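Where a number appears in this text, it was derived from the coordinates with a stated rule and is not lab data. Predicted model only: the values in this text are computed from it and were never measured. As a convention, Cβ positions derive from the backbone with ideal geometry for all residues, glycine included, and neighbour counts pool all protein chains shown.
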Amino acid sequence: MRLELRIAPLDLDKTLGCGQTFRWRRQQDGSWAGPLSDQFVVLCQEDDVVHVDAFPGRADLDDLVAEHLRECDDIPRIQKELGRDPRMARGIAELEGLRIVKIDEWECLVSFALATYANIPRISRMIETLARNYGERITEDIYTFPTRKRLRKATVRELARCGLGYRADYAHELCREVDEGTLERLKKLNYQQLREELRELPGVGNKVADCVSLFGFGRLESFPIDVWIQRALARLYRVKGSYKRLREFAAERFGHYAGYAQEYLYYNERLRARNGACLFLEQ
DNA sequence: GCCCAGGAGTGTG
DNA sequence: CACACTCATGGG
């Protein structure tokens with residue numbers, strides 16, 4: 001099944017390759033392939049057009065992809081707002097195609113609970129192993145993310161054997177503390193309430209709660225702080241300290257689009273680690 | 001071999 | 001609330 005979408009501005013390489021998602025893979029020809037909901041999807045960008053190829057195909061495929069890439073976001077407005085920050089102003093134009101992604105709430109919750117104290121290649125591996133063992137087969141080697149119901153049948157030992165380490169307990173307990181109604185109820189809460197309730201869940205602390213708020217529940221004011229963001233804030237803004245202190249700094253500085261600021265800073269910091277390049281103004 | 005990883009949980013000051 | 005320590009393991 002094929003179709004085309006118009007989403008602009010968009011840079012698929014930045015959006016799907018920056019580390020906010022764990023299952024997309026860049027192909028030799030430059031396209032991106034991966035599971036999205038119950039579909040195996042291949043995305044290929046040609047200027048403002050995204051060619052979508054999906055198997056087995058479904059009627060609302062366009063909505064599925066548009067939602068994932070957050071077509072709804074008004075990037076010019078977001079950039080205009082964040083551009084008021086003098087440190088960020090210089091570099092953000094180059095990042096206009098980097099869009100926050102919308103991930104399924106359950107998948108996002110488990111994925112980022114597994115993402116604690118592990119690097120991205122390993123996180124991807126953990127998730128692929130889980131999908132292969134407990135997901136549904138879509139193609140030869142592509143599997144859906146496991147449902148709560150299915151993953152619930154796995155023992156802690158089995159989960160640990162998927163390479164999760166001590167995170168096996170998180171996954172195992174999440175399957176028991178979250179039911180269908182939980183996520184639906186959380187959707188209705190404001191960011192602060194959502195954040196607090198997420199933090200009650202096993203394996204969900206400050207950072208994971210903010211990642212799930214941002215990528216799973218689409219709360220753009222959320223500002224997840226990991227080691228990369230800590231470094232970025234320290235270097236660019238000379239601000240250090242507790243999570244609470246940094247979060248309050250970000251809320252004050254970046255406002256209700258703090259999530260995009262976070263993604264820009266994260267992208268820039270990792271780029272800098274690889275190339276020494278820096279898009280933003282350093283003090 | 002070594003250091004680090006999109007941290008959380010727990011106990012202490 | 002802030003800090004220190006532990007947790008299990010693969011990737012670069």
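Placing a label point 7 Å from the Cα of A:Glu4 along the Cα-to-Cβ direction, the residues of the range A:24-64 whose backbone N falls under 13 Å from that point are A:44-52.
For the range A:210-259, what is the charge dipole size about the Cα centre, in debye to the nearest 20, if Lys and Arg each add +1 at the Cβ and Asp and Glu each add -1 at the Cβ?
Dipole about the Cα centre, nearest 20: 280 debye.
Between A:Arg77 and A:Ala251, the simple spin-label model (points 7 angstrom out along Cα→Cβ) gives 2.2 nm. Shape descriptor for chain A: Rg over Rh equals 0.95 (Cα atoms; Rh from the Kirkwood inverse mean 1/r).
Given +1 on the Cβ of Lys and Arg, -1 on the Cβ of Asp and Glu, and no further charges, what dipole in debye does chain A carry about its Cα centre, rounded to the nearest 20? Intermediate values should be presented prior to the final figure.
Values: 46 positive and 45 negative charges, 273 e Å.
Charge dipole of chain A: 1320 debye, to the nearest 20.
The largest-to-smallest principal axis extents of the Cα set in the range A:227-275 are 30, 22, 14 Å. Name the residue from A:Gly218, A:Leu233, A:Val101 whose Cα lies farthest towards the positive end of the charge dipole of chain A, charges +1 on Cβ of Lys and Arg and -1 on Cβ of Asp and Glu. Checked the options; the winner is A:Leu233. Spacing of the modelled spin labels on A:Lys244 and A:Lys153, each 7 Å from Cα toward Cβ, amounts to 4.5 nm.
Mind running the shape call on the range A:2-72? Use the C-alpha gyration tensor, a ≥ b ≥ c as the square roots of the eigenvalues: rounded below 1.5 for a/c, prolate if a/b tops b/c, oblate otherwise. Verdict is rounded for the range A:2-72. Note down the Stokes-Einstein diffusion coefficient of the range A:144-283 in µm²/s, whole number, using a Kirkwood radius over alpha carbon pairs, 37 °C, and 0.692 mPa s. For the chosen part, D equals 197 µm²/s. For the range A:103-153, the square roots of the Cα gyration tensor eigenvalues, ordered a ≥ b ≥ c, give a/c of at least 1.5 with a/b no greater than b/c, which places it in the oblate category. Non-local lysine pairs in chain A, meaning eight or more places apart or on different chains, with alpha-carbon distances under 23 Å, amount to 14.
Placing dummy labels 7 Å off each Cα toward the beta-carbon, the span from A:Asp62 to A:Asp13 is 2.9 nm. Applying 1/(1 + (r/R0)^6) with R0 = 25 Å to the Cβ-Cβ distance of A:Val49 and A:Asn275 gives a FRET efficiency near 0.30.
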